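S.K.: Sharing a structure with you now.
The values are calculated or read from the model by the stated rules, or taken from the named source; none is laboratory data. Model, not experiment: these values are computed from the prediction. Virtual Cβ from ideal backbone geometry, glycine too; neighbours counted across all protein chains shown. Side chains are part of the model used for accessible areas, which takes the heavy atoms of the whole protein and leaves out ligands, DNA and RNA. Shrake-Rupley method; radii C 1.70, N 1.55, O 1.52, S 1.80 Å.
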Amino acid sequence: MTIVSMLQRHITEEILDFEQYENIAPAEFHTWTGLTQDQFTELLDSLPSLRTKKNKRTLLAAVFHFKLRTGDSNARLANIFKCSETAFHTWLKIGRNALLEDFVPLNVGFDHISREYVAHRNLFLPNNLFGNPSSPEDERKAITICDGTYIYLQKSGNYFFQRKSYSHHKYRNLLKPFLLVSCDGHIIEVNGPYAATTSDADIMNDMLNNADSAFHWFYRSGDVFILDRGFRDSARNLESCGYVQHMPQTKYPNETQLTTDQANKSRLVTICRWVVEVVNGRFKRDFRLLRNVYNNRALPSMFEYFKIAAAMINRFHVLIEDNPNAAAILEIIHQRINMQNRLADLVIRHNYNRRRAQFTLMTADMPEFVDFPRMDENELLLFALGVYQLKQAKSFYGEHVLDNGAFTIELSNELSNEDLAELQGNDLWMIRGRLQSRHVRARQYYVYIIIDRFLSGRQAIAHYYCSCIIGKRTIGCCSHIMCIIWYMSHARHLPAITPPAYGLENIIVVPDDDDFIVFN
């Protein structure tokens, strides 16, 4: 007997005997199925369609979960379970149909949950920013976050399907399932799959224009939808149906930045909308079949797998909870929502971006460098009003730090009395940094930060401004500003700083003329 055959026998007969799954090590069981043994028992008990099947445990776990979780081909999986590919395909169909009939309707879809229960799931920040927190609980507005996600496909010889499935945005073939998600990450409904050429706004309009759609009997006038800019062409339609929509603002024509008011309102949306991105990530993280390039021959069952995955997420995944700092974040939002960015007005009026003489390179022996206020990660999180900018700051640092570990920042030589009066301070000083755009090589952003010598912690950051599109916001800050503040107030005091994915830049060959210099 060869080593390979011994290993196959060991795997199939001893470790992966799902008819006696109680004997499988819990860690091994979870690796293959994504469920604990108790969850698997709960799932099996909820499938009356399988009760008469002799090998129901193997059929459900070893066959169906292996397929959805690993994304392997039927031929490979059939070889593991010592059956023909035809038999494996039959088992797969039986398991899929049982889940679609017994499990999915109880865990996803407008029929499985009430509108009032969706309203009950509103988290603290969305409910206080966009809901009606002072109303009785039975009168709460239901807040829903909508988004489309992608399942990537092979190219097709069917030219009509090829045109409909090719995305000029992603430059790939794909289909779009559409998600409606509550504030805590519970999936209310999944629709689709839609063609790659169908925008999110078109999908929303299709649901709104269908008078017989379950959408209208589920929601009622005044309910709130948190959307992204891709829904802008459906905004009026939503409002005409009596619903309330919130989406990030779009800059005015011929402008390069959002106004302070627009940037702040956009931040209120994104601080609530991230939940749907987490849910989208769970599909791709836990179900490899849905993140692989899907085989066109298997496309008829693709959306069935997607609905089953959605039901599994609802039933067995941990719901998203309120941020421990939610009350403090809301207080900061109320304090700064109407605050104008005086520093932005000053920088733009005096054209500081083009002035070099007024700024000198900061060195470690300067009093300002030493005295920059220190913050811990919790203070930085409250300054940015979220973790996203903090994560991005570390990546920006990794790109801009010099070979010797230095990080180039400039100090303003002086602020005039007129400037101090405009900024409403007496003992202020300013630093400037330049950061390479994350997406466009030829673009750099200027970051300006004003520090008050008399204050400490995050209160010492009196004003800040960045030349990026959202750089005028006063609620939170952009990632470029966060990069400078994170480094100056926290990271440089650490024993060592390791940028994310450090070392990957060394595995590619970059021609000498492709280098660029930042902070020159």
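S.K.: I need the full set of residues from segment 149-196 which are in contact (Cβ under 8 Å) with a residue 24 or more places away in the chain and among the polar types (S, T, N, Q), in order please.
M.R.: THR149, GLN154, SER156, SER165, SER167, SER182
S.K.: Name the single residue that is farthest from ILE271 (Cα to Cα) among those in segment 113-130 being in a loop (DSSP other than H, G, I, E, B) and open to solvent by 20 Å² or more (accessible area, probe 1.4 Å).
M.R.: Initially, segment 113-130 is screened for residues in a loop (DSSP other than H, G, I, E, B), giving 113-114, 121-123.
Next, from what is left, pick out any that are open to solvent by 20 Å² or more (accessible area, probe 1.4 Å): 114, 121, 123.
On the way: SER114: 25, ARG121: 17, LEU123: 12 Å.
Top of the filtered list is SER114.
S.K.: Kindly indicate whether any position in segment 325-332 is under 27 Å from the mean Cα position of the chain (by Cα), closer than 30 Å to GLY425 by Cβ, of a type outside the set (Asp, Glu) and open to solvent by 50 Å² or more (accessible area, probe 1.4 Å). Break it down into steps so the answer makes sense when it comes.
M.R.: Quick first cut of segment 325-332, residues under 27 Å from the mean Cα position of the chain (by Cα) only: 325-332.
Next cut, closer than 30 Å to GLY425 by Cβ only: 325, 327-332.
Checking which are of a type outside the set (Asp, Glu) leaves us with 325, 327-330, 332.
Filter again for open to solvent by 50 Å² or more (accessible area, probe 1.4 Å), leaving 327.
The answer is yes, given that some residue of segment 325-332 is under 27 Å from the mean Cα position of the chain (by Cα), closer than 30 Å to GLY425 by Cβ, of a type outside the set (Asp, Glu) and open to solvent by 50 Å² or more (accessible area, probe 1.4 Å).
S.K.: Inspect segment 20-42 for any residue being open to solvent by 30 Å² or more (accessible area, probe 1.4 Å), over 30 Å from ALA214 (Cβ atoms), at pLDDT 85 or above and among the hydrophobic types (A, V, I, L, M, F, W, C) and give the result as yes or no.
M.R.: Within segment 20-42, not a single residue is open to solvent by 30 Å² or more (accessible area, probe 1.4 Å), over 30 Å from ALA214 (Cβ atoms), at pLDDT 85 or above and among the hydrophobic types (A, V, I, L, M, F, W, C).
S.K.: In this structure, is VAL370 among the hydrophobic types (A, V, I, L, M, F, W, C), part of a helix (DSSP H, G or I) and at pLDDT below 85?
M.R.: It is true that VAL370 is among the hydrophobic types (A, V, I, L, M, F, W, C), part of a helix (DSSP H, G or I) and at pLDDT below 85.
S.K.: Within segment 209-235, can you find the residues that are under 26 Å from the mean Cα position of the chain (by Cα) and either over 25 Å from VAL275 (Cβ atoms) or aliphatic (A, V, I, L, M) (or both)? Reasoning before the result, please.
M.R.: So in segment 209-235, the residues under 26 Å from the mean Cα position of the chain (by Cα) come out as 215, 219, 223-235.
If the condition is that a residue be under 26 Å from the mean Cα position of the chain (by Cα) and either over 25 Å from VAL275 (Cβ atoms) or aliphatic (A, V, I, L, M) (or both), then VAL224, ILE226, LEU227, ALA235 are the ones that fit.
Conditions tested, residue by residue: (1) under 27 Å from ASP376 (Cβ atoms); (2) at pLDDT 80 or above; (3) within 32 Å of the chain's Cα centre (by Cα); (4) among the charged types (D, E, K, R).
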| site | (1), (2), (3), (4) |
| --- | --- |
| ASP419 | no, no, no, yes |
| GLY425 | yes, no, no, no |
| TRP429 | yes, yes, no, no |
| SER437 | no, yes, yes, no |
| ARG443 | no, yes, yes, yes |
| TYR448 | yes, yes, yes, no |
| ASP452 | yes, yes, no, yes |
| LEU455 | yes, yes, no, no |
| ALA460 | yes, yes, yes, no |
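S.K.: Looking only at residues in segment 236-250 that are of a type in the set (S, T, N, Q) and closer than 11 Å to GLN262 by Cα, which one is least open to solvent (accessible area, probe 1.4 Å)? Give the derivation first.
M.R.: Applying the first criterion (of a type in the set (S, T, N, Q)) to segment 236-250 yields 237, 240, 245, 249-250.
Of the ones still in play, those that are also closer than 11 Å to GLN262 by Cα are 249-250.
On the way: GLN249: 63, THR250: 80 Å².
Across segment 236-250, the extreme among qualifying residues is GLN249.
S.K.: Of the conditions (1) modelled with pLDDT under 80; (2) in a loop (DSSP other than H, G, I, E, B), GLY471 satisfies every one except a single condition; which number is it?
M.R.: Failing condition for GLY471: (1).
S.K.: Output the helices (runs of 4 or more DSSP H) that fall wholly within segment 138-233 and possess 2 or more residues being open to solvent by 70 Å² or more (accessible area, probe 1.4 Å) and out of contact with any Pro (no Cβ under 9 Å at 6 or more places or on another chain), or say none. Break it down stepwise before answering.
M.R.: Details: elements: 159-165, 200-209, 214-218.
Where helices (runs of 4 or more DSSP H) fall fully within segment 138-233 and carry at least 2 residues being open to solvent by 70 Å² or more (accessible area, probe 1.4 Å) and out of contact with any Pro (no Cβ under 9 Å at 6 or more places or on another chain), they are 159-165, 200-209.
S.K.: I need the full set of residues from segment 410-442 which are in a loop (DSSP other than H, G, I, E, B) and of a type in the set (Ser, Thr, Tyr), in order please.
M.R.: As a first pass, look at segment 410-442 and keep what is in a loop (DSSP other than H, G, I, E, B): 413-416, 423-427, 437-442.
SER416, SER437 - these are the residues of segment 410-442 that are in a loop (DSSP other than H, G, I, E, B) and of a type in the set (Ser, Thr, Tyr).
Every residue, every condition in (1) of a type in the set (A, V, I, L, M); (2) within 30 Å of TYR465 (Cα to Cα); (3) at pLDDT 95 or above, yes or no:
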residue	(1), (2), (3)
ARG220	no, no, no
ASP228	no, yes, no
ALA235	yes, no, no
ARG273	no, yes, no
GLY281	no, no, no
ARG285	no, no, no
PRO300	no, no, no
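S.K.: Could you grab me the full set of residues in segment 344-368 that are farther than 15 Å from ILE409 by Cβ and open to solvent by 30 Å² or more (accessible area, probe 1.4 Å)? Give the derivation first.
M.R.: Restricting attention to segment 344-368, the residues satisfying the condition of being farther than 15 Å from ILE409 by Cβ are 344-351, 353-355, 357.
Across segment 344-368, the qualifying residues are ASP345, ILE348, ARG349, HIS350, ASN351, ASN353, ARG354, ARG355, ALA357.
S.K.: OK, next. So, in segment 71-128, exactly how many residues are over 29 Å from LEU153 (Cα atoms) and in contact with a Lys or Arg (Cβ under 6 Å, 6 or more places away or on another chain)?
M.R.: 1
S.K.: Given (1) open to solvent by 20 Å² or more (accessible area, probe 1.4 Å); (2) under 22 Å from the mean Cα position of the chain (by Cα); (3) of a type in the set (Lys, Arg), where does ARG273 come up short, assuming only one miss?
M.R.: Unmet for ARG273, out of (1) open to solvent by 20 Å² or more (accessible area, probe 1.4 Å); (2) under 22 Å from the mean Cα position of the chain (by Cα); (3) of a type in the set (Lys, Arg): (1).
S.K.: Which one of ILE320, ILE313, ILE332 is out of contact with any strand residue (DSSP E or B) (no Cβ under 8 Å at 6 or more places or on another chain) and either closer than 30 Å to LEU494 by Cα or part of a helix (DSSP H, G or I) (or both)? Outline the logic, then answer.
M.R.: On the way: ILE320 fails: either closer than 30 Å to LEU494 by Cα or part of a helix (DSSP H, G or I) (or both); ILE313 fails: out of contact with any strand residue (DSSP E or B) (no Cβ under 8 Å at 6 or more places or on another chain).
The match here is ILE332.
S.K.: Could I ask something else about it? Is there a residue in segment 461-473 that is more than 29 Å from THR250 (Cβ to Cβ) and open to solvent by 10 Å² or more (accessible area, probe 1.4 Å)? Show your work before the answer.
M.R.: From segment 461-473, those more than 29 Å from THR250 (Cβ to Cβ) are 462; that's our starting set.
Imposing the further condition that a residue be open to solvent by 10 Å² or more (accessible area, probe 1.4 Å) reduces the set to 462.
Among the residues of segment 461-473, at least one is more than 29 Å from THR250 (Cβ to Cβ) and open to solvent by 10 Å² or more (accessible area, probe 1.4 Å), which makes the answer yes.
S.K.: Only one residue in PHE110, PHE103, PHE88 is open to solvent by less than 60 Å² (accessible area, probe 1.4 Å) and part of a loop (DSSP other than H, G, I, E, B). Which one?
M.R.: On the way: PHE103 fails: part of a loop (DSSP other than H, G, I, E, B); PHE88 fails: part of a loop (DSSP other than H, G, I, E, B).
On inspection, the qualifying residue turns out to be PHE110.
S.K.: May I ask you to list the residues in segment 239-270 that are closer than 19 Å to ARG140 by Cβ and in a helix (DSSP H, G or I)?
M.R.: Scanning segment 239-270 gives a single hit, LEU268.
S.K.: So, ASN264, is that one crowded, with 17+ Cβ neighbours inside 10 Å, of a type in the set (S, T, N, Q) and over 27 Å from LEU100 (Cβ atoms) or not? Full working, then the answer.
M.R.: Numbers: crowded, with 17+ Cβ neighbours inside 10 Å: yes; of a type in the set (S, T, N, Q): yes; over 27 Å from LEU100 (Cβ atoms): yes.
Criteria met by ASN264.
S.K.: Additional query: Any residue at all in segment 504-513 that's open to solvent by less than 60 Å² (accessible area, probe 1.4 Å), more than 28 Å from ILE332 (Cβ to Cβ) and charged (D, E, K, R)?
M.R.: Looking through segment 504-513, none of the residues is open to solvent by less than 60 Å² (accessible area, probe 1.4 Å), more than 28 Å from ILE332 (Cβ to Cβ) and charged (D, E, K, R).
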